[in-house]
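Okay, here's the structure, questions in a sec.
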Amino acid sequence: MATENFNTDIPEDLLTPDTMEFPSSSLSFVDGFPAMASLTDAYDLQDFNRATSLFTSMVPVASLEAIRKGLVDFVDDGPIENQWVIFDDLMDSNSLFLTGNTDTVYAFGILDLEESGPVVIEVPPNCGPSTINDATFSFVVDMGAPGPDRGQGGKYLVLGPDYSGPLSDIENGEVVEHEGETYFVAHSPTRINWVPCRGLLVDGETKPASELFRNGIQAYALKDKDNPPPMVWKNMSAAEVNTIHSNHESFFEEIHRAIDKEPPEVFDPELLGMASLLGIRKGEPFEPSDHQREVLERGVMAGNAYARAVTFAPRAPEAYLYGEENSMWYNMLYGNDYRYLIDGGAGGIDADARLMFFYMATVNTPAMILKMPGVGSQYGVVARDSGGAWLEGDRNYTMHIPPNVPAKNFWSLVVYDVQTRSMLQTPDRAFPSVNSMRPDLVTEPDGSVNLTFGPQPPEENRGNWIQTRPGKTWFAIFRLYGPLEAWFERTWRPGEVEPAK
């Protein structure tokens with residue numbers, strides 16, 4: 001039987017209906033032609049979808065750019081490669097860093113290999129876990145204990161995409177003799193790079209790690225190796241600095257700066273094409289009209305909504321450390337692949353796993369996912385109480401930490417603000433955390449610890465209390481430094497966050 005207005009039977013799934021309903025619009029068609037009044041809506045709908053896709057795919061790029069801008073604006077003095085920030089007195093809740101912690105001494109550097117050319121980074125013996133990440137938040141090389149120097153220290157020569165010299169074919173991490181010096185080679189595909197270094201506390205003190213970094217780290221352009229400028233350190237403890245990407249249409253200004261700076265081949269061509277069609281193109285100004293900004297804002301809002309859903313209530317069952325049916329604790333690195341590949345790449349990239357991690361956290365290194373008992377750190381995240389309800393700052397909660405915590409060095413628990421994913425700012429405490437090194441931490445006779453959370457301090461055991469803020473939701477990260485077998489085997493587990501009775 002012939003379809004109306006055709007000579008033959010046309011499959012229904014080839015035909016476009018006269019009307020299509022979408023959440024934000026209704027599109028009309030005239031025998032397949034878009035109605036003239038629907039053209040703009042059709043264009044806007046696709047721009048909305050592209051904006052949403054760009055947000056969920058390029059959070060890592062925007063996040064690294066936000067870190068770069070925040071650190072450079074804070075330093076704002078001289079050559080970028082030798083101007084570093086350090087948290088001599090630890091990071092507190094004044095600064096906005098994605099899930100930074102209160103228990104390690106951070107030192108951060110930014111490299112601009114386009115301006116400086118190759119850069120040398122000298123790390124001292126016994127340097128804490130340190131990494132170089134490129135402008136797409138991809139791993140370049142580790143330094144310190146997890147790096148090729150294996151904690152013995154050494155010189156790393158960082159070569160950018162504009163380098164074309166005799167070391168071009170040397171693999172990352174290999175040792176070379178070059179111009180009379182011995183280097184570990186690190187090729188980065190991008191011009192901007194971030195260098196985060198972490199130093200562990202010694203008996204609860206920051207001074208040993210701070211002095212090790214200040215006296216032992218050197219960074220300078222290779223061309224200045226015979227007379228390198230002195231390092232300039234700036235203490236960022238207690239500073240009010242923002243390093244977090246935008247959740248509004250200014251997000252696209254952040255990725256425009258990155259796209260404009262970097263070689264196009266470092267970005268996925270499909271995503272780069274989406275960006276171009278939205279007006280974000282290398283070498284050209286990004287000047288959207290007011291109408292375009294409205295569409296981009298709606299797209300980023302949709303992407304932000306999904307990012308928050310997948311970050312705080314992961315869809316993947318394997319994300320939950322002990323099974324979602326009996327525990328709210330989950331793993332921010334559940335894919336066990338720092339490249340976020342599914343089945344080694346056979347299944348492509350796990351975009352949800354990548355989005356969840358980079359919306360919540362920073363630093364990309366295989367050392368964070370490798371099973372190395374007694375070395376590095378491991379993490380558990382909780383955003384809901386034992387009944388599955390979001391954690392609220394108005395309520396009181398308890399949490400039991402069983403004895404024999406499988407941490408060679410120490411454990412800590414830090415509370416974060418859901419809006420900023422940074423440390424929760426409270427009226428009385430700049431450090432919203434507890435750790436096993438605190439002298440006022442009360443331990444039960446069996447070695448267990450009972451923590452409390454709430455806006456007002458308890459009458460006793462205040463060292464076990466973390467203040468929350470009425471009107472603010474929160475989540476927490478439990479960290480084990482030097483995690484042991486019981487953590488990896490899941491034979492030891494932290495208690496759930498329980499509403500106080």
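Bear in mind these aren't lab numbers, they're just calculated from the coordinates by the rules spelled out. Since the model is a prediction, treat every value here as computed from it, not as a measurement. Cβ atoms come from the backbone with ideal geometry, glycine included; neighbour counts cover every protein chain shown.
Does segment 348-441 classify as rounded, prolate or oblate by the C-alpha gyration tensor (a ≥ b ≥ c root eigenvalues; a/c under 1.5 gives rounded; else a/b over b/c gives prolate, otherwise oblate)?
The shape class here is oblate.
Next question. Take the alpha carbon gyration tensor of segment 402-460, find the square roots of its eigenvalues, order them as a ≥ b ≥ c, and report rounded if a/c is under 1.5; if not, report prolate when a/b exceeds b/c, else oblate.
Cα axes put segment 402-460 in the oblate bin.
Additional query: In percent, how large is the relative contact order of the chain, given Cα pairs closer than 8 Å and 6 or more residues apart?
16
Just flag the GluC sites (Glu not before Pro) in segment 321-398 sitting in loop per DSSP whose Cβ has no more than 11 other Cβ atoms within 10 Å.
Here the sparse-neighbourhood loop sites are 325.
On a C-alpha basis, how far is the centre of segment 174-210 from the centre of segment 19-40 in Å? Whole number, if you could?
Answer, in whole Å: 56.
Applying the Karplus parametrisation 6.51 cos²θ - 1.76 cosθ + 1.60 with θ = phi - 60° to the phi angles of segment 400-408, what ³J(HN,Hα) value in whole Hz is obtained for each residue in order, glycine and proline being reported as x?
Karplus-based 3J(HN,Hα) across segment 400-408 equals 9, 9, x, x, 6, 4, x, 10, 5 Hz.
Rounded to the nearest 500, what is the 222 nm mean residue ellipticity of the chain from helices alone, with -39500 (n - 2.57) per DSSP H run of 4+ residues and division by all residues?
-7000 deg cm²/dmol
Would you mind classifying segment 79-235 by shape? Square roots of the alpha carbon gyration tensor eigenvalues, ordered a ≥ b ≥ c; an a/c under 1.5 is rounded, otherwise it is prolate if a/b is larger than b/c and oblate if not.
Judged from the Cα gyration tensor, segment 79-235 comes out prolate (a/c at least 1.5, a/b above b/c).
Would you grab the residues whose amide H sits under 5 Å from the one on residue 243? Only those 5+ places off in sequence or on another chain, please, with H modelled 1.01 Å from N.
Under 5 Å from the amide H of residue 243 lie the amide H atoms of 96, each far enough along the sequence or on another chain.
Quick check: net charge around residue 230, other residues with Cβ under 15 Å of its Cβ, Lys/Arg +1 and Asp/Glu -1?
Result for the neighbourhood of residue 230: -2.
List the residues, sorted by chain then number, that are 5 or more residues from residue 497 or on another chain and whose placed amide H is less than 5 Å from its amide H.
Here 386 satisfy the definition.
What is the distance, in nm, between label points placed 7 Å from the Cα along the Cα-to-Cβ direction at residue 175 and at residue 5?
With each label point 7 Å from Cα toward Cβ, the separation is 7.7 nm.
Turning to a different aspect of this structure: Any chance you could check the Cα centroid distance between segment 401-451 and segment 312-349 for me, in angstrom?
So the separation of the two Cα centres works out to 25 Å.
Going down the table (207/234; 69/225; 371/408; 69/261; 155/223; 69/223), which pairs top 18 Å between alpha carbons?
Beyond 18 Å: 69/225; 69/223.
For residue 378, what is the net charge nearby, where nearby means another residue's Cβ is under 10 Å from its Cβ and Lys, Arg count +1, Asp, Glu -1?
+2
Apply the Karplus parameterisation 6.51 cos²θ - 1.76 cosθ + 1.60, with θ equal to phi minus 60°, to every residue of segment 485-501 and state each ³J(HN,Hα) to the nearest whole Hz, in sequence, with x for glycine and proline.
Result, ordered by residue: 3, 4, 6, 5, 7, 6, 8, 10, 8, x, x, 6, 7, 10, x, 5, 8 Hz.
Using amide H atoms built 1.01 Å from N in the peptide plane, name the residues 5+ places from residue 409, or on other chains, whose amide H lies under 5 Å from its own.
481, 482
Across segment 337-349, in residue order, what do the Karplus-derived ³J(HN,Hα) couplings come to in whole Hz, using 6.51 cos²θ - 1.76 cosθ + 1.60 with θ = phi - 60° and x for Gly and Pro?
Running phi through 6.51 cos²θ - 1.76 cosθ + 1.60 with θ = phi - 60° gives 8, 5, 9, 6, 8, 9, 6, x, x, 5, x, x, 9 Hz.
Would you work out the charge dipole size for segment 126-215 about its Cα centre, treating the Cβ of every Lys and Arg as +1 and the Cβ of every Asp and Glu as -1, and quote it to the nearest 20 debye?
On the way: 6 positive and 13 negative charges, 71 e Å.
Its charge dipole is roughly 340 debye.
Considering every Cα-Cα pair within segment 310-499, what fraction, in whole percent, is farther apart than 32 Å? Mind dumping the intermediate values first?
On the way: 2210 of 17955 pairs.
Of all Cα-Cα pairs in segment 310-499, 12 percent lie more than 32 Å apart.
Can you give the Kirkwood hydrodynamic radius of the chain from its Cα pairs, in Å with one decimal?
So the Kirkwood estimate lands at 24.7 Å.
Can you give the local net charge around residue 424? Use residues other than it whose beta-carbon is closer than 15 angstrom to its beta-carbon, Lys and Arg +1, Asp and Glu -1.
0
Rank these for me by crowding, 6, 48, going from fewest to most other beta carbons within 10 Å.
6, 48
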